[in-house]
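Undergrad: Just dropping this structure here.
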Amino acid sequence: MLESFSAETLARVQFAFTVSFHIIFPAFSIGLASYLAVLNGLWLRKRDETYLNLFNYWKKIFAMAFGMGVVSGIVMSYQFGTNWSVFSDKAGPVVGPLMAYEVLSAFFLEAGFLGIMLFGRDRVGDRLHMFATAMVAVGTLMSATWILAVNSWMQTPAGFGIGENGQFIPLDWWAITFNPSFPYRLVHMVLAAFLTVAFVVGAVSALHLLRDRADRESRRAFSMAMWMAVVVTPMQIMAGDLHGLNTLEHQPIKVAAMEGHFDREGDHQPFALFGIPNEKDGRLDHAIEIPYLGSLILTHTIDEQIKGLNEFAREEWPPVAIVFFSFRVMVAIGFAMLGLGLWSIWARWRNGLYDWPWLHRAALVMGPSGFVAVLAGWITTEVGRQPYTVYGLLRTSDSLAPVDAPAVATSLVAFAVVYFFVFGAGVFYILRMMNQRPATPKTGLHDGPVRAAGITPAAQIDPNFIPGAQPKEN
Amino acid sequence: MPFDLAFIWAGIIAFAVLTYLVLDGFDLGIGILFPFGKSDHDRDLMMNSVAPVWDGNETWLVMGGGGLFAVFPLAYAVLMPALYIPITLMLLGLIFRGVSFEYRWRTKRWKGVWDMAFFGGSVLAAFCQGVALGALVQGIDIADRAYAGGWFDWLTAFSILTGLAVVIGYALLGATWLVLKTEGDLQLQMRGYSWWLGAMTLALIGLVSILTPFQDAVYFQRWFNLPGSLISMVVPLLMLALTWTFFAGLNDRKDLQPFLSALGFFVLSFIGIGISFYPMIIPPSLTIWQAAAPDESLAFALVGTVILIPIILAYTAYAYWVFRGKMDPNEGYH
């Protein structure tokens with residue numbers, strides 16, 4: 001089946017596959033590391049064991065996700081060379097040092113303090129343990145900062161020259177790092193990571209509230225998660241809007257693809273809620289449009305026009321349909337998140353936050369929404385950058401390593417099989433841990449008092465469970 | 001020998017790779033020895049002895065790869081396609097062993113599966129690293145800023161030998177680490193293994209060292225022509241001295257001495273390879289200076305590196321200090 005594809009297509013699929021799997025784990029661990037730091041801080045301040053129980057519960061899930069993030073990340077650091085060696089040679093002088101800074105200032109920090117955060121509370125005492133926990137959180141944020149600087153530079157390159165040997169030569173590191181799209185992308189991604197975790201925590205807490213609405217840890221966590229949903233989702237929608245304006249300025253073709261906007265029509269720009277991009281004929285079929293809204297979103301006026309796809313050369317187009325649909329998935333989820341947040345405010349006001357089963361069911365369903373939105377958003381921006389790796393300067397087809405299609409196909413199959421097997425198992429274990437309530441003395445199967453059947457609600461099978469009791473530190 | 005940015009960076013990358021060998025070698029070694037643990041209890045101890053530090057150790061591998069990308073992008077762009085298959089297999093091996101640290105505590109039914117994944121992944125990763133080293137020593141064809149060879153060029157009798165040498169060598173590091181970190185029966189068992197693994201490692205290092213000068217005339221000159229050979233010969237002499245401290249340490253039932261001596265074997269072998277290679281970063285034709293990124297990149301990356309590497313070393317040392325001493329069989333967060 002794979003023989004008919006070119007080495008370029010296979011290499012792109014392989015990169016898309018490995019990076020999509022990878023981004024799930026950092027998106028989760030960036031948010032979760034900060035949440036853990038907050039939980040630990042609250043425990044030290046208030047000495048309320050609810051926070052400690054939550055910390056110990058989520059730290060084990062964090063350890064799982066972090067481990068998966070590390071190993072899938074090592075793959076990324078070598079994929080640039082194995083499959084995109086010409087890109088590596090040409091863009092290495094610019095993006096390489098930024099990545100080196102990511103390793104030096106973020107990866108080492110996270111990995112160095114993770115052991116102490118997970119295993120070391122009894123050995124180093126509360127203060128140093130808190131410091132280690134904070135360092136892990138700082139490390140995850142630093143990592144996001146550097147890698148987004150790299151990605152943003154590939155989207156909106158700045159501060160460079162071209163050398164005689166064809167390499168990009170760095171001229172101004174400040175301009176390279178703080179390139180035009182970087183601040184927007186960074187804010188958008190970090191908020192996305194926070195929201196992802198808020199909705200995961202919200203879903204897990206909702207699950208346990210549906211089983212027992214008196215569960216103290218779940219009540220506390222659900223409340224925190226819903227506050228995040230209320231406060232951060234509107235910020236995220238605003239950040240996304242500003243990011244969109246920035247993209248319109250620097251990558252108008254991408255925006256036209258996101259909008260499914262082929263031609264200028266009339267004196268204002270509608271917004272297509274739905275449609276099927278017809279790339280062959282250069283139009284949007286079966287469009288359901290809201291008049292004026294496109295102009296409003298993109299220019300913040302009602303009558304300004306933007307360029308359509310047909311005004312650009314075809315060889316500059318990204319794959320329109322993918323960008324168009326993934327963008328809609330992301331936006332739809334964003335508004336669903338906002339809806340849940342507003343519902344939770346209403347419930348809080350009516351004293352129903354912990355008692356409304358339909359709210360909890362909705363929160364449960366929304367659990368994976370952050371991941372889907374993050375993936376959809378990245379697909380929008382990365383597929384929308386095609387056909388370039390360094391936008392406008394280095395084409396994807398000119399970035400490829402001199403590796404034959406069969407080798408790429410074989411490694412792609414190997415990665416696919418291993419990833420689905422390994423990370424599938426990991427996700428299964430994480431879900432099984434989440435299925436146990438936070439105050440369960442020993443989450444996981446290893447050596448707790450009750451072992452069998454991780455799928456049975458823990459409260460029902462755990463005879464030693466005493467509400468509010470501090471679990472023995474293990 | 002110009003002492004410039006590219007030269008300094010070659011030193012830093014070499015340091016990162018050496019640090020990787022020193023740190024991750026023993027925790028891959030634990031994986032290689034894993035099936036020889038006699039009970040679940042022993043295997044738990046073996047794994048827990050590296051659980052708090054393994055991902056920090058593996059970060060040095062990212063540093064080696066990422067650093068090469070940053071400062072010698074051409075070397076990175078040539079090396080990765082040339083070693084496409086061993087690198088890919090190494091990554092897959094690292095995935096399996098890396099996730100086992102958490103997975104095996106999360107299941108009863110599949111614990112055996114993840115034990116095997118920890119073992120198999122560690123062996124595969126170690127073997128591929130050795131194969132990659134062997135292929136690099138043998139030299140890589142370059143034309144027009146790109147790899148010009150076939151995709152099985154890396155597979156030779158010599159590279160398989162270096163692969164085996166690295167597997168055995170890492171197992172030795174793992175065994176001596178456990179001598180340091182455990183007590184009782186497990187320590188006794190590992191001390192026994194250390195004798196054999198030490199002898200085999202030294203024999204393999206000797207064999208590879210004898211064969212290496214014949215892979216390339218330049219290596220031969222480096223080692224056997226006066227006056228350079230006078231300096232080069234210091235390495236084998238130091239190796240002899242370490243051989244003595246290693247076996248004496250085992251014989252006197254010292255805890256730390258065998259581990260440090262075994263690390264010394266790796267450091268000296270690494271220096272030996274450095275003597276053979278210099279000034280090439282990829283033998284036989286790509287020098288450090290040809291592969292280096294422009295000075296603007298080297299200088300920018302260097303500023304952060306000279307500040308951050310000492311800090312990293314300091315907190316890494318602190319993490320090891322926190323988890324120092326013999327393993328407590330009842331500790332662990334799982």
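The values are calculated or read from the model by the stated rules, or taken from the named source; none is laboratory data. Small disclaimer: the values here were computed from a predicted structure and weren't measured. For neighbour counting, all protein chains shown are included, and Cβ atoms are generated from backbone atoms with ideal geometry for every residue, glycine included.
Undergrad: Here is a check on your reading of the model: is A:MET434 under 30 Å from B:ARG104 (Cβ atoms) and out of contact with any strand residue (DSSP E or B) (no Cβ under 8 Å at 6 or more places or on another chain)? Reasoning before the result, please.
TA: Values: under 30 Å from B:ARG104 (Cβ atoms): yes; out of contact with any strand residue (DSSP E or B) (no Cβ under 8 Å at 6 or more places or on another chain): yes.
Taking the combined requirement at face value, the residue satisfies it.
Undergrad: What's the number of the condition A:HIS286 fails, among (1) farther than 30 Å from A:ARG432 by Cα; (2) out of contact with any Phe, Trp or Tyr (no Cβ under 8 Å at 6 or more places or on another chain)?
TA: (2)
Undergrad: Out of curiosity, is A:ILE253 farther than 30 Å from A:ALA439 by Cβ, in contact with a Phe, Trp or Tyr (Cβ under 6 Å, 6 or more places away or on another chain) and at pLDDT 80 or above?
TA: Values: farther than 30 Å from A:ALA439 by Cβ: yes; in contact with a Phe, Trp or Tyr (Cβ under 6 Å, 6 or more places away or on another chain): yes; at pLDDT 80 or above: yes.
For A:ILE253, the condition - farther than 30 Å from A:ALA439 by Cβ, in contact with a Phe, Trp or Tyr (Cβ under 6 Å, 6 or more places away or on another chain) and at pLDDT 80 or above - is met.
Undergrad: Kindly establish whether A:VAL75 is aliphatic (A, V, I, L, M), more than 28 Å from B:ALA314 (Cβ to Cβ), facing chain B (nearest Cβ under 8 Å) and touching a His at 6+ places or on another chain (Cβ under 8 Å). Give the steps one after another, and end with the answer.
TA: Details: aliphatic (A, V, I, L, M): yes; more than 28 Å from B:ALA314 (Cβ to Cβ): yes; facing chain B (nearest Cβ under 8 Å): yes; touching a His at 6+ places or on another chain (Cβ under 8 Å): yes.
So A:VAL75 passes the test.
Undergrad: Okay, next question. Working carefully through the options A:ALA332, A:ALA376, A:ALA321, A:ALA336, find the one that is surrounded by fewer than 19 Cβ atoms within 10 Å (Cβ to Cβ) and under 30 Å from A:LEU393 (Cβ atoms).
TA: Working: A:ALA332 fails: under 30 Å from A:LEU393 (Cβ atoms); A:ALA376 fails: surrounded by fewer than 19 Cβ atoms within 10 Å (Cβ to Cβ); A:ALA336 fails: under 30 Å from A:LEU393 (Cβ atoms).
Of the residues listed, the single one that is surrounded by fewer than 19 Cβ atoms within 10 Å (Cβ to Cβ) and under 30 Å from A:LEU393 (Cβ atoms) is A:ALA321.
Undergrad: So A:ASP355 fits all but one of (1) surrounded by 20 or more Cβ atoms within 10 Å (Cβ to Cβ); (2) not in a helix (DSSP H, G or I); (3) not small (Gly, Ala, Ser); what number is the exception?
TA: That leaves (1) as the condition not met.
Undergrad: Let me ask something additional. Filter segment B:4-32 for residues that are among the β-branched types (Val, Ile, Thr) and closer than 17 Å to B:THR201 by Cβ and give the result. Full working, then the answer.
TA: From segment B:4-32, those among the β-branched types (Val, Ile, Thr) are B:8, B:12-13, B:17, B:19, B:22, B:30, B:32; that's our starting set.
Those that are among the β-branched types (Val, Ile, Thr) and closer than 17 Å to B:THR201 by Cβ: B:VAL22, B:ILE30, B:ILE32.
Undergrad: Restricting to segment B:57-70, count the residues that are more than 7 Å from chain A (Cβ to nearest Cβ) and either under 11 Å from A:ASP89 (Cα atoms) or surrounded by fewer than 24 Cβ atoms within 10 Å (Cβ to Cβ) (or both).
TA: Applying the first criterion (more than 7 Å from chain A (Cβ to nearest Cβ)) to segment B:57-70 yields B:57, B:60, B:64, B:68.
Cutting the leftovers down to either under 11 Å from A:ASP89 (Cα atoms) or surrounded by fewer than 24 Cβ atoms within 10 Å (Cβ to Cβ) (or both) gives us B:57, B:64, B:68.
Count: 3.
Undergrad: I'd like to check which helices (runs of 4 or more DSSP H) are fully inside segment A:362-474 and have at least 3 residues that are closer than 30 Å to A:ARG211 by Cβ, at the interface with chain B (Cβ under 10 Å from one of its Cβ atoms) and at pLDDT below 90. Can you show your working first?
TA: On the way: elements: A:369-383, A:405-434, A:458-461.
In segment A:362-474, A:405-434 are the helices (runs of 4 or more DSSP H) which contain 3 or more residues that are closer than 30 Å to A:ARG211 by Cβ, at the interface with chain B (Cβ under 10 Å from one of its Cβ atoms) and at pLDDT below 90.
Undergrad: Can you tell me which residue within segment B:274-307, out of those that are among the small types (Gly, Ala, Ser) and facing chain A (nearest Cβ under 10 Å), is surrounded by the most Cβ atoms within 10 Å (Cβ to Cβ)? Don't jump to the end; show me each part of the working.
TA: Of all residues in segment B:274-307, those among the small types (Gly, Ala, Ser) come to B:274, B:276, B:285, B:291-293, B:297, B:299, B:301, B:304.
If we keep only those that are facing chain A (nearest Cβ under 10 Å) as well, we get B:291-293, B:297, B:299, B:301, B:304.
Numbers: B:ALA291: 26, B:ALA292: 23, B:ALA293: 30, B:SER297: 28, B:ALA299: 14, B:ALA301: 27, B:GLY304: 14.
Among them, the one singled out is B:ALA293.
Undergrad: If you don't mind, there's one more thing I want to ask. Taking segment B:98-126 only, how many residues are out of contact with any helix residue (DSSP H, G or I) (no Cβ under 6 Å at 6 or more places or on another chain) and away from every other protein chain (no Cβ under 11 Å)?
TA: Residues in segment B:98-126 being out of contact with any helix residue (DSSP H, G or I) (no Cβ under 6 Å at 6 or more places or on another chain) and away from every other protein chain (no Cβ under 11 Å): 4 in total.
Undergrad: I've got another one for you. Condition first: charged (D, E, K, R) and touching a residue at least 60 places away in the same chain (Cβ under 8 Å). Now tell me which residues in segment A:347-403 satisfy that.
TA: Narrowing segment A:347-403 to residues charged (D, E, K, R): A:348, A:350, A:355, A:361, A:382, A:385, A:395, A:398.
The answer is A:ARG348, A:ASP355, A:ARG361, A:GLU382, A:ARG385, A:ASP398.
Undergrad: Name the helices (runs of 4 or more DSSP H) wholly inside segment B:104-212 in which the number of residues that are farther than 26 Å from B:SER261 by Cα and of a type outside the set (A, V, I, L, M, F, W, C) is 3 or more.
TA: Working: elements: B:111-138, B:157-181, B:184-211.
The helices (runs of 4 or more DSSP H) meeting that bar are B:111-138.
Undergrad: Can you tell me how many residues within segment A:85-120 are charged (D, E, K, R) and at the interface with chain B (Cβ under 7 Å from one of its Cβ atoms)? Even if it seems obvious, please write down each step before you answer.
TA: Going residue by residue through segment A:85-120, those that are charged (D, E, K, R) are A:89-90, A:102, A:110.
Checking which are at the interface with chain B (Cβ under 7 Å from one of its Cβ atoms) leaves us with A:89.
The number of residues fulfilling the criteria is 1.
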